[in-house]
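Undergrad: Below you will find the structure I want to go over with you.
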Amino acid sequence: MSLLDDLEQEAKRLKLTAGDVQQRKLAREEFFKNQMAPRLNALSEYLERLVANLKALKPAKPRHYTVPGYGQVVAYCEHDYELTQNVQPDSHEIRIAFHCEVAPEECPAVEVEGIKVKALSGTFGRYQLAGQMADVKKGPNGEMLAATFRARGRIAALATFTADADAPVLKMSFTNIDAFGNTVKTTSLGALNDALFDDIGRYLAREENTLLREALPDDYRAQLRSAVERNQVKQRWELKIAGQRKSELAALKRAHGSGESLFARLRGLVSKER
């Protein structure tokens, strides 16, 4: 085969490969458009309405965050929501960013000593809390021996909802919403319905919700229920036996005198046998 033939065959192969890539790309986009986009658009519409209502009503519901070595930090949402979206032919991302203002008057004043002063200061910095230090006690070399901390500052929160044509799932990520740090949950595309939307809304508004509670399989739930029932039966029998023994002991005491005299009599009988 000549060089020209080799080059022409390689050119045809590359052309077929490029065509396959384009076909796969079109198939992905078609799948996303028909199967996923309508559900993502419904979620987007719900979140836009949710944000608009929260901005208008501004519910003053406290949020509690736990800081190791300090305790509970209480903050209130500023309702400064910023909803942004990135919509592509084969993906859709929704982001809701907002802030919560720490209420120092509702946070504890915690006194720490020694190396805990530096450690707690570092923890506050890691959580981006502008903690206020008071009653600072320093040693002769300027080292901090003790200090009283009270939390203050502004907490940045973020909720992200992402889906793409790679898999029919919705990926949810929550940062600093119900606790410091990041929480991730993935749910099937088929679960995107009004009930899930309501659960998401309640979670973001800090109302009672079940969004992050994992649903247990029916067989495992039945096993747990059976185990609980067995424990309850066991406890009832133990109480019944204990009560019966107590009644029998009381009857023996009434028949033979005190427990001590009964024991003495038994010991006497044993001695006689010997």
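Undergrad: Of the heavy-atom accessible surface of segment 142-219 (probe 1.4 angstrom), what whole percent is carbon and sulfur? Please list the in-between numbers first.
TA: Working: 1850 of 3730 Å².
Looking at segment 142-219 in its full context, I get 49 percent from C and S.
Undergrad: Sticking with this one: Report, in debye and to the nearest 20, how large the dipole of segment 96-209 comes out about its Cα centre when Lys and Arg carry +1 and Asp and Glu carry -1 on their Cβ. List each step's numbers first, then the result.
TA: Numbers: 12 positive and 15 negative charges, 125 e Å.
For segment 96-209, the charge dipole is close to 600 debye.
Undergrad: Students often get this wrong, so check it: of 55/171; 55/118; 12/171; 55/116; 55/185, which have C-alpha atoms separated by over 32 Å? Each step should come with its number before you reach the end.
TA: Working: 55/171 25 Å; 55/118 39 Å; 12/171 40 Å; 55/116 40 Å; 55/185 26 Å.
In this structure, 55/118; 12/171; 55/116 lie more than 32 Å apart at Cα.
Undergrad: Taking the Cα centre of each part, how many Å lie between segment 78-109 and segment 143-208?
TA: Segment 78-109 and segment 143-208 have Cα centres separated by 9 Å.
Undergrad: How would you order 24-34, 151-161 from highest to lowest mean count of nearby Cβ atoms within 10 Å? Walk me through the numbers on the way to the answer.
TA: Numbers: 24-34: 13.6, 151-161: 18.5.
The packing order, highest mean first, is 151-161, 24-34.
Undergrad: Additional query: Summing +1 for each Lys or Arg and -1 for each Asp or Glu, what net charge is found among the other residues whose Cβ lies under 14 Å from the Cβ of residue 79? If you can, show how the numbers build up before the last one.
TA: On the way: positive: 55, 58, 61, 63, 154, 206; negative: 78, 80, 82, 101.
So the surrounding residues net to +2.
Undergrad: Spelling out what I want: for every residue of segment 198-213, take phi, set θ = phi - 60°, compute 6.51 cos²θ - 1.76 cosθ + 1.60 (Karplus), and round to whole Hz; glycine and proline get x.
TA: Result, ordered by residue: 5, 5, 4, x, 5, 5, 5, 8, 6, 9, 4, 7, 10, 4, 9, 8 Hz.
Undergrad: Is the shape of segment 1-149 rounded, prolate or oblate, going by the alpha carbon gyration tensor and its root eigenvalues a ≥ b ≥ c, with a/c under 1.5 for rounded and a/b larger than b/c for prolate?
TA: On the way: a/c = 6.25, a/b = 2.01, b/c = 3.10.
Note, shape of segment 1-149 comes out oblate.
Undergrad: How much net charge surrounds residue 55 when only the other residues with a Cβ under 15 Å from the Cβ of residue 55 are counted, with Lys and Arg +1 and Asp and Glu -1? List each step's numbers first, then the result.
TA: On the way: positive: 49, 58, 61; negative: 48, 78, 80, 82.
Cβ neighbours under 15 Å give a net charge of -1.
The values are calculated or read from the model by the stated rules, or taken from the named source; none is laboratory data. Predicted, not measured: the structure shown is a model, and the values here were computed from it. Here the Cβ is made from the backbone with ideal geometry for all residues, glycine too, and neighbour counts use every protein chain on show. When the accessible area is computed, the model is the full protein with side chains, heavy atoms only, and any ligands, DNA or RNA have been set aside. Shrake-Rupley method; radii C 1.70, N 1.55, O 1.52, S 1.80 Å.
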